[in-house]
Amino acid sequence: MSTAYPAQGQVETAPAPLPPLTPSARGSRMPVGRWFLLAGAGVLLIFVIAVSAILLALTSTYEARQTLVDAVDPAALQTLRVARAVQAQEGAIRGYGLTGEQQYLDTYRQGVSEEQSAKDAIAKLVPRLPEGYGVRRQIRELTDATDAWRRDYAEPVVARTLKSGPGSLTDLARNNLQRFSAVKASLDEQQALLGRLHDVARARLYSGWDTIYVAVAALVGAMVLAIVFCALIVRRAVGGPIARLTRQVRAVAAGDFDHEIRVERPAELWELSGHVDGMRRRIMTEWQASVEARQQLAEQAEELKRSNRELEQFAYVASHDLQEPLRKVASFTQMLEQRYADRLDDRARQYIGFAVDGARRMQLLINDLLDFSRVGRVGGEREEMDTGDALAGALRNLDSRLTETGATVTHDDMPKVVGNRTLLTQLFQNLVSNALKFRSEEPPRVHIGVRQDGDVWEFSCSDNGIGVESKYADRIFLIFQRLHPRDVYPGTGIGLALCRKIVEYHGGRIWLDTNEDAGATFRWTLPALGDPDD
């Protein structure tokens with residue numbers, strides 16, 4: 001098997017796939033997958049049979065349970081209610097006939113209502129009871145017996161007592177004995193019938209569970225056989241070849257990268273070993289190329305460090321060499337204006353003003369560019385510090401402007417962070433200065449807010465100025481981006497870009513809060529030092 005690889009130093013964005021393997025003449029007659037397929041088919045057949053038996057048994061068991069729990073037992077319970085209600089009626093009607101007290105009549109009528117309620121409940125359960133046991137016939141016999149007892153005994157007692165008052169019930173005792181004995185016999189027969197139904201349903205339920213146990217046992221046996229058969233397949237067709245492949249791969253992993261990886265059977269492992277060996281050779285080629293690439297990157301990194309040092313030195317020299325001519329231009333232009341002021345007209349004075357202003361703006365731009373380039377390179381050491389000290393330093397630097405504009409600056413309790421004091425002071429100074437510059441007609445009010453959000457502190461600088469439209473939320477953080485003419489709001493357009501660079505140097509991010517209705521709110525995050533109470 002041969003594979004073409006790119007020459008050293010050549011870069012490929014999408015390596016070509018490995019070539020197909022030549023079919024093995026010594027491959028296994030039957031792939032491992034086919035052995036497992038046969039074993040799986042047998043296990044599946046047993047599984048389907050067992051699951052079908054389980055489902056049938058579950059269906060039978062469920063029906064038996066419904067019959068037992070939802071029909072037979074409730075019907076037996078309602079029969080007991082009928083028995084208690086009839087017994088209560090018999091005692092109450094006898095007491096009413098002997099005493100004529102209304103409470104006995106009320107008890108009797110309440111018993112009749114209770115009996116009817118229980119019979120109605122039984123009538124609803126009748127469709128769910130098993131057929132062929134005479135349940136409906138027995139219920140009709142019980143109803144006829146109770147109706148006959150009330151017709152021949154209870155109602156005559158009530159009628160006579162209401163008409164003639166209480167008295168002896170001897171003449172009706174025989175009817176009571178005959179009819180009530182029939183009611184009791186009918187109740188006993190119905191309870192015995194429901195008991196037989198209970199036994200039948202329970203037997204069906206136990207039979208269903210026995211079937212489930214047998215099916216589960218068969219299923220477990222099939223799984224055990226499948227495991228044993230699969231273990232034999234794995235041992236004969238997979239275990240040995242994998243052990244050989246493992247030894248070969250272990251030799252390569254130990255450092256023998258020229259060791260060929262190859263297993264002849266089964267077909268799957270032969271193909272796998274061929275692809276792994278192809279990848280081994282490709283990795284060797286790529287590794288040699290990566291060694292050269294890392295060496296080139298190291299050389300380029302060292303060259304970049306040297307170039308950065310030269311660039312930094314150039315920035316210092318350029319700032320001095322550029323600012324000195326600008327100072328001379330501004331100085332001599334002002335001297336020219338002072339010496340020849342009486343000979344210059346208004347247009348000449350205007351031109352001189354333009355020249356002086358241009359020189360000063362160029363000096364300011366050079367200083368801002370130097371500050372922007374120094375972030376993270378010059379004096380960039382970070383230490384644990386109090387951001388309140390940085391804010392206080394920024395406000396001291398802006399003291400004259402704060403007094404001039406009548407501004408009020410408030411702040412929350414400032415936390416401690418790990419940062420560079422000079423850069424964070426410059427951050428606060430730029431943001432507060434920005435609020436003073438873009439103020440409204442009202443005296444500026446600036447608030448520095450702080451809250452902890454997880455493992456970062458979220459700072460905010462809010463003002464009551466003219467605000468910033470949300471569509472410029474990203475543009476304002478780009479260098480040299482201005483939203484207003486220079487003659488309206490002076491500046492170089494570097495301030496917010498410098499703020500973003502300072503915040504990102506400290507591992508945070510800064511953005512404009514576009515949800516504010518008035519003024520502008522800038523938010524930024526800095527990594528938290530620890531617990532908020534620290």
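Note on surface exposure: 437, 184 rank 184, 437 by accessible area, highest first, 1.4 Å probe. Here the Debye sum runs over all C-alpha atoms of segment 72-134 as equal scatterers in vacuum, and log10 of I(q)/I(0) at q = 0.19, 0.22, 0.27, 0.29 Å⁻¹ comes out as -0.68, -0.80, -1.01, -1.09. The value given for segment 179-245 is a Kirkwood hydrodynamic radius of 17.1 Å, derived from the mean inverse Cα-Cα separation.
Measuring nothing but protein heavy atoms, the accessible surface of segment 106-224 at 1.4 Å probe radius is 56 percent carbon and sulfur. Taking all protein chains together, 108, 213, 351 sort by accessible area into 213, 351, 108, largest first [probe 1.4 Å]. For residue 414, neighbours were defined as the other residues whose beta-carbon sits under 9 Å from its Cβ, and their charges (Lys and Arg +1, Asp and Glu -1) total -3. Take residue 401: with every protein chain present and a 1.4 Å probe, its accessible area is about 80 Å².
In a simple Cβ point-charge model (Lys, Arg +1; Asp, Glu -1; nothing else charged), segment 50-116 has a dipole of about 80 debye relative to its Cα centre.
Stretched out straight at 0.36 nm per residue, the stretch from residue 228 to residue 344 would grow longer than its current Cα-Cα span by 30.6 nm.
Charge tally around residue 76: other residues with Cβ under 15 Å, Lys/Arg +1 each, Asp/Glu -1 each, net +2.
In the context of the full set of protein chains, segment 154-221 has a per residue accessible area of 60 Å² (1.4 Å probe).
Computed with a 1.4 Å probe over protein heavy atoms only, the accessible area of residue 386 comes to about 50 Å².
Normalised by the number of residues in segment 395-463, the average gap of Cα pairs under 8 Å and 6 or more apart makes the relative contact order 36 percent. Counting other C-beta atoms within 10 Å, and keeping those with at most 12, which DSSP coil GluC sites (Glu not before Pro) do you find in segment 381-426? Those that pass, being in a loop and sparsely packed, are 381.
The values are calculated or read from the model by the stated rules, or taken from the named source; none is laboratory data. Just so we're clear, the structure is a prediction, and the values are computed from it rather than from any experiment. Note that each Cβ is placed from the backbone with ideal geometry, even for glycine, and that neighbours are counted across all protein chains shown. Accessible surface areas use protein heavy atoms only, side chains included; no ligands, DNA or RNA. Shrake-Rupley method; radii C 1.70, N 1.55, O 1.52, S 1.80 Å.
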